[in-house]
1. Among 55, 22, 1, which residue has its Cα positioned farthest towards the positive end of the charge dipole of segment 1-71, with +1 placed on the Cβ of Lys and Arg, -1 on the Cβ of Asp and Glu, and the dipole taken about the Cα centre?
2. Compute the FRET efficiency between residue 165 and residue 104 as 1/(1 + (r/R0)^6), taking r as their Cβ-Cβ distance and R0 = 25 Å, and round to the nearest 0.05.
3. Pick out, from 32, 89, 64, the residue whose Cα sits farthest towards the positive end of the charge dipole of the chain, with +1 on the Cβ of Lys and Arg and -1 on the Cβ of Asp and Glu.
4. For segment 36-148, rounded, prolate or oblate, judged on the Cα gyration tensor with a ≥ b ≥ c (square roots of eigenvalues), a/c < 1.5 rounded, else prolate if a/b > b/c?
5. What angle, in degrees between 0 and 90 and rounded to the nearest 10, separates the Cα long axis of helix 61-77 from the longest principal axis of the Cα atoms of the chain?
6. So how do 11, 169 line up by other beta-carbon neighbours within 10 Å, fewest first?
7. With a sphere of radius 12 Å drawn around the Cβ of residue 24, what net charge do the other residues whose Cβ falls strictly inside it have (Lys, Arg +1; Asp, Glu -1)?
8. Quick check: the distance between the Cα centres of segment 51-100 and segment 163-185, to the nearest angstrom?
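Nothing in this text is a laboratory measurement; each read-out follows from the coordinates by a stated rule. Please read these numbers as outputs of a predicted model, since none were measured by experiment. No Cβ is skipped: glycine too gets one built from the backbone with ideal geometry, and neighbour counts run over all protein chains shown.
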Amino acid sequence: MKAVILDRDGTIIVDKDYLTDPKHIEFLPGAVDALRRLKEAGFLLVVCTNQSAIARGLMTEQQYKEIEKIFLDMLKERGVEIDASYYCPHLKEGKVERYAVACQCRKPQMGMFLKARADLDFNPFSSYAVGDSLRDLVPGYQMGMKTVLVRTGKGEESAKVELVHRFVTRICADLSEAAEWIISDSQRCG
C-alpha cells in the first residue's frame, strides 16, 4: 500500500491561524480535486495536523473533534474519503496543563506518522508527505518518504529556509500541482 500524508491547514484548507469555528473551513483552490485524483491513483489519504489551539486554551479537544468531523464530512460530500486523520493537541508552553507537554506526536516528531503506518500498514518508500512547512515534512523524510512542500499557507516562507533542500524532494505551487507530480513520480518509480 502507498499513502500520501497531508498537513491540513495551509495545504488542504486555508490557514486561519487557529481554526476554532467550522464555518471558517475554506478549501484551497483545486485541493479537493487533487485529493480525488490521488485517491483514484490508489493512494491512501492520511491527514496529520498539529492543533496547538487545544493546548493554548482556544478550543477544547471535543470542539476540535467536531470541526474534524465536519471537515471530513465536507470532503466526503465532494467525493473524497480520507482513510485516517490524526491530530496533536499538545504544546509544551501551552496554557492547558493536561496538554502542556513535550510529546512525540507534535510534528516534526514522528508520532502521528508512526501511528498512521501501524494502523494502515503502508510502505513509506512508495509514499509521500505533503505540507506547507518543514515540520510537516521532516517525519516523512525520516521514514524514507518523498516530501512535497506546497507554496500555499506558510509554504512560500518555508521555501526560503536554507534547510529546505535537505528535507524536500519537490516544491509545488499547491496541492493540485503536488498531486500531479506525485502521481507521475509514483508511475515512473512504481
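1. Going by the Cα projections, it comes out as 1.
2. With a Förster radius of 25 Å, E is 0.40.
3. 89
4. Cα axes put segment 36-148 in the oblate bin.
5. Roughly 30 degrees, rounded to the nearest 10.
6. 169, 11
7. Once all neighbours under 12 Å are counted, the net charge is -3.
8. 25
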